[in-house]
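Single-structure report; data block below.
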């Protein structure tokens with residue numbers, strides 16, 4: 001096939017050139033690129049030939065990319081070694097109090113590693129990055145001195161709750177370091193949405209790394225060679241510490257603000273499609289569940305495990321909404337109009353289910369009295385229900401206008417409330433019991 005002749009005859013017809021290129025096979029496309037490069041040397045002043053030449057030119061690895069991955073690897077390994085330093089030597093199974101240093105300081109160590117990578121690789125960290133990390137370290141120190149994982153049942157409850165909420169504060173510290181304190185709705189939503197992609201990427205890394213780790217141990221065990229326990233733990237902790245930094249480095253460009261990140265490429269595109277496919281399935285499940293509630297109405301009032309499932313459901317729905325709400329409003333996009341309806345329906349159904357769960361936990365509290373766990377669950381239920389209700393109201397008010405901006409504004413308020421309640425749980429609740 002004479003690509004030179006085909007290119008020259010279409011050098012003034014961009015649409016025909018594009019159509020011709022799309023019909024080529026992979027091998028033909030390589031020949032087309034070679035012909036375009038040859039023509040560019042003789043006709044560099046033809047705009048369409050010049051544009052196609054630069055479009056098809058092999059991508060060169062920018063030195064900055066190599067530098068950023070060097071930062072990610074070094075910082076990830078150092079973060080993992082710091083986590084290993086928090087793990088008691090020779091500890092395998094035992095009391096939580098024996099390994100309390102890891103859940104207390106581990107989230108702060110990982111947050112410091114991620115912030116260090118973003119700061120060194122991107123050189124655009126918000127000025128309050130160090131202040132956010134200092135505040136996180138202060139909260140961890142507070143938990144270290146106040147929590148008693150081997151104390152009374154109430155003290156054990158607080159220790160467990162504090163260890164669960166410290167990662168939330170660590171994430172907030174990374175967000176504050178990246179966005180600053182007064183970030184707008186759009187950049188904050190973009191950061192939260194990108195987090196979903198980072199979590200998926202980290203999950204892929206964790207599965208692959210865990211399989212490789214297990215296979216490696218199995219191969220050595222087949223030869224009757226046992227690794228020292230400290231080496232097994234060090235490798236596991238280095239992997240766990242490196243994983244968040246490498247996940248961020250894979251999908252987040254630290255040289256650009258959150259709203260200018262690439263969302264519709266690579267794994268981000270897969271995550272977006274997957275979450276949008278889950279939206280109608282979630283509507284179907286919630287709708288069916290609401291129909292089934294009258295037949296087993298007292299179940300959450302009597303079963304504590306059912307209430308735990310409800311709280312997991314609320315956070316899962318919030319994560320799903322973060323993944324499906326678009327970054328930009330496109331009024332002529334029919335898919336966005338369908339998506340808007342699905343989001344409104346999902347938020348409305350979830351509000352109904354969460355009110356039902358809230359009634360159940362309040363009733364159990366009236367029956368059996370207040371505990372740290374119940375107060376924390378009630379607080380999160382109220383926050384999630386309020387955030388979803390606010391989203392529903394904002395969508396209704398801007399139904400035929402820029403509903404995307406209204407939804408992002410509601411999420412911005414909800415994220416601030418999450419941070420406040422996390423601080424309340426860690427700093428104030430232990431003094432109420």
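Each value in this text was obtained by applying a stated rule to the coordinates, not by laboratory testing. Values in this document were obtained by computation on a predicted structure and should not be read as measured data. Please note: Cβ atoms are built from the backbone with ideal geometry, for glycine as well, and neighbour counts cover all protein chains shown.
Remarks
- Here each label is just a point 7 Å from Cα along the line to Cβ, and for residue 298 and residue 154 those points are 3.0 nm apart.
- Inter-part distance where the stretch 116-193 and the stretch 292-353 are each reduced to a Cα centre, Å: 26 Å
- For the stretch 3-56, the Stokes-Einstein estimate of translational diffusion at 20 °C and a viscosity of 1.002 mPa s comes to 197 µm²/s, using the Kirkwood hydrodynamic radius over alpha-carbon pairs.
- Value at 222 nm in deg cm²/dmol, rounded to 500, when DSSP H runs of n ≥ 4 in the chain each add -39,500 (n - 2.57): -26500 deg cm²/dmol
- Residues considered: 186, 68, 304. Largest GNM mean-square fluctuation over the chain, using C-alpha springs under 10 Å, is found at 304.
- Per principal axis, descending, Cα span of the chain in whole Å: 84, 60, 48
- Remark: the stretch 65-258 projects, on average over all directions, an area of 12.2 nm² (convex hull of Cα atoms).
- Stretch gain in nm, segment residue 18-residue 230, where the contour uses 0.36 nm per residue and the Cα spacing is subtracted: 70.4 nm
- Most to least packed among 421-432, 237-248, 349-360 [average Cβ atoms within 10 Å]: 237-248, 349-360, 421-432
- Separation of alpha-carbon centers, the stretch 275-291 and the stretch 200-234, rounded to whole Å: 37 Å
- Percent of alpha-carbon pairs separated by more than 17 Å within the stretch 313-433: 59 percent
- If you wrap the tightest convex hull around every Cα atom of the stretch 135-224 and split its volume per residue, you get 162 Å³.
- Residues 253, 305 arranged by fewest to most Cβ contacts within 10 Å: 305, 253
- 275, 36 arranged by Cβ crowding within 10 Å, fewest neighbours leading: 275, 36
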